[in-house]
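FYI, it's all coordinate maths here, none of it is from the lab. Quantities reported herein were computed from a predicted structural model and do not represent experimental measurements. Heads up, the Cβs are rebuilt from the backbone with ideal geometry, glycines too, and the neighbour counts pull from every protein chain shown.
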Amino acid sequence: MQPGQAMTLIELKSVCKSLGGQRVLDRLDLAIDRGETLVIMGRSGAGKSVILKHIIGLMKPDSGEVLFDGQRIDTLSRHQLNETRKRFGMLFQGSALFDSMSVQENVCAALRRHKKLSPGEVRRIVAAKLEAVGLSGIEEKMPDELSGGMRKRVGLARAIAMDPEVVLYDEPTTGLDPITAHQINDLILQTRSQFGVTSVVVTHDVTNALKVGTRVCLLVNGKINFSGRPDEVRNTDNPYVRQFLEARGVGPVTAAPSA
Ligand SMILES: Nc1ncnc2c1ncn2[C@@H]1O[C@H](COP(=O)(O)OP(=O)(O)O)[C@@H](O)[C@H]1O
Ligand SMILES: [Mg+2]
């Protein structure tokens, strides 16, 4: 953090959003600090993806405010919004690679849109980002030649291609086997420690939430119902949180296991 910088990087203030005749976000308040990895948990359809879309300005609130680095995001012009979005990387649900484009083209799609770089520089950046996600040398492969876990990792390489300050992850481990999910969790942790990014991870899976989050919050009925560190999540009496924990067989921590 730079001297004089506010601790909060992203803030949603009393955000209301209705979609399809239903109030999805209901005076939602949420502040995300620089450098933290905030996990937003919630059941399917709770509004988790809708929150991410508000953070990057893909959706605007019906009322309330969305701030990024002290600036309103929800009132920016299209041009200003495009500039601000360069500071974000997003790993979309299902990885969302372009099937007709090679890995190289997929990863550099974001670069070409935003930066004036020589072809050599582009190749160097793509190679470095693929190396960061443990997939060196697969530039010429097509997405349908890759496993689900590899596609996710290529999606992550694309998300970090522009050295973003914030990375948003929408259900990064959903649909992956436990070993691949573990690899993705490691990459989320590594991206934070290596690049110092602020991360927001959305998931319905409490096990993975506890592995990657420095803080975990729970979205219920359009509001943040609970927020705490992973150890506070495990030990809370909050009935909504306990439902998530018990569904996955995660019990309270009674004694610290000896290392
Ligand atoms: N563009 C849209 N138009 C209409 N309804 C939407 C739209 N996007 C999301 N919704 C609705 O908003 C609710 C929350 O969606 P979403 O944020 O995608 O849930 P999740 O927590 O599973 O990510 C759901 O009921 C969904 O059907
Ligand atoms: Mg979603």
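Which of rounded, prolate or oblate describes the stretch 97-163 when judged by the alpha-carbon gyration tensor and an a/c cut-off of 1.5? Cα axes put the stretch 97-163 in the prolate bin. Ignoring lysines fewer than eight residues from LYS48 along the same chain, the ones with Cα atoms less than 21 angstrom from its Cα are LYS13, LYS17, LYS60, LYS152, LYS211, LYS223.
Would the stretch 110-251 count as rounded, prolate or oblate if I go by the C-alpha gyration tensor, calling it rounded below 1.5 in a/c and otherwise prolate when a/b exceeds b/c, oblate otherwise? Judged from the Cα gyration tensor, the stretch 110-251 comes out prolate (a/c at least 1.5, a/b above b/c). Return the percentage of antiparallel bridges among DSSP beta bridges fully within the chain, rounded to the nearest 5 %. Bridges in the chain are about 55 percent antiparallel.
For ARG123 and ASN235, a Förster radius of 51 Å and the Cβ-Cβ distance give a FRET efficiency of 0.55, rounded to the nearest 0.05.
Extension gain for the segment ALA6 to ARG87, taken as residue separation times 0.36 nm less the Cα-Cα distance, is 27.5 nm to one decimal. With a Förster radius of 41 Å applied to the beta-carbon distance between ALA247 and ASP33, the computed FRET efficiency rounds to 0.90. The Cα atoms of the chain give a gyration tensor whose axes a ≥ b ≥ c have a/c of 1.5 or more with a/b no greater than b/c, which makes the shape oblate. Protection proxy ranking, highest mean first, for peptides 205-211, 2-8: 205-211, 2-8, where packing is the per-residue count of other beta-carbon atoms within 10 Å, averaged. Charges were assigned to the Cβ only: +1 to each Lys and Arg, -1 to each Asp and Glu. The resulting dipole of the chain about its Cα centre is roughly 500 debye. When the chymotrypsin sites (Phe, Trp or Tyr not before Pro) in the stretch 35-130 are filtered for DSSP coil states and for at most 16 other beta-carbon atoms within 10 Å of their beta-carbon, the remaining sites are PHE98. Converting phi to 3J(HN,Hα) with the Karplus coefficients 6.51, -1.76 and 1.60 and the offset θ = phi - 60°, the stretch 242-250 yields 4, 4, 5, 5, 5, 4, 9, x, 8 Hz in sequence order, with x at every glycine or proline. Computed over the chain, the per-residue total of -39500 (n - 2.57) for DSSP H runs of n ≥ 4 gives a 222 nm mean residue ellipticity of -11000 deg cm²/dmol, rounded to 500.
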